[in-house]
There are 2 protein chains.
Amino acid sequence: MCESNVYILKNGREELVLEGVDVLENQEGQVKLVSMFGEEEKIKARVKNLSLVDHKIILEPV
Amino acid sequence: MCESNVYILKNGREELVLEGVDVLENQEGQVKLVSMFGEEEKIKARVKNLSLVDHKIILEPV
């Protein structure tokens, strides 16, 4: 179970976008997330960093 | 153990960059990778997609 929670950095704070994310795709100016529950989310952002040991992916707005 | 192997897409083929990656940081025009073995790698690329269930992160050159 290696899913990660995805957060977006806003004003220095991490806001949860989607939990249990399995798949992330970088698309034109946005990121598409798909969770282990089949939920999808698209957000205007890019990957800032990720720490798999912490199950955490941080996005930043574009 | 949720580390992933990181590949870069070159001419439609996936070339292995670093195995067992725990941490990825998107820096100015490059990506810094740190593996569970303490190895570090910097590469001029950005995240294209990732599939955590497959333990796979794909980069593309910038």
* Answer with yes or no whether A:L52 is touching a helix residue (DSSP H, G or I) at 6+ places or on another chain (Cβ under 9 Å), within 12 Å of chain B (Cβ to nearest Cβ) and of a type outside the set (V, I, T). => yes
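Quick grid of which residues meet (1) surrounded by fewer than 17 Cβ atoms within 10 Å (Cβ to Cβ); (2) free of Cβ contacts under 8 Å to residues at least 24 places away in the same chain:
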{"residue": "A:V6", "(1), (2)": "no, no"}
{"residue": "A:L9", "(1), (2)": "yes, no"}
{"residue": "A:V23", "(1), (2)": "no, yes"}
{"residue": "A:G29", "(1), (2)": "yes, no"}
{"residue": "A:L33", "(1), (2)": "no, no"}
{"residue": "A:E39", "(1), (2)": "yes, yes"}
{"residue": "A:N49", "(1), (2)": "no, yes"}
{"residue": "A:E60", "(1), (2)": "yes, no"}
* Structure fact -> Counting only residues in the range B:11-21 that are without any contact (Cβ under 8 Å) to a residue 12 or more places away in the chain and open to solvent by 90 Å² or more (accessible area, probe 1.4 Å), the one farthest from the chain's Cα centre (by Cα) is identified as B:N11
* Asked: Of the residues that sit in the range A:26-49 and are more than 18 Å from B:A45 (Cβ to Cβ) and basic (K, R), which one is nearest to the other protein chains (Cβ to nearest Cβ)?
  -> A:K32
* Asked: Is it true that some residue in the range A:18-25 is in contact with a strand residue (DSSP E or B) (Cβ under 9 Å, 6 or more places away or on another chain), away from chain B (no Cβ under 12 Å) and farther than 19 Å from B:S35 by Cα?
  -> yes
* Qualifying positions in the range A:8-62 - under 23 Å from B:M1 (Cβ atoms), β-branched (V, I, T) and in a strand (DSSP E or B) -> A:V21, A:V23, A:V34, A:V47, A:I57, A:I58
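The values are calculated or read from the model by the stated rules, or taken from the named source; none is laboratory data. Here the structure is a predicted model, which is why all the values come from computation and not from measurement. All Cβ positions, even for glycine, are placed from backbone atoms using ideal geometry, and neighbour counts span all protein chains on display. Note: areas computed on protein heavy atoms with side chains; ligands, DNA, RNA excluded. Shrake-Rupley method; radii C 1.70, N 1.55, O 1.52, S 1.80 Å.
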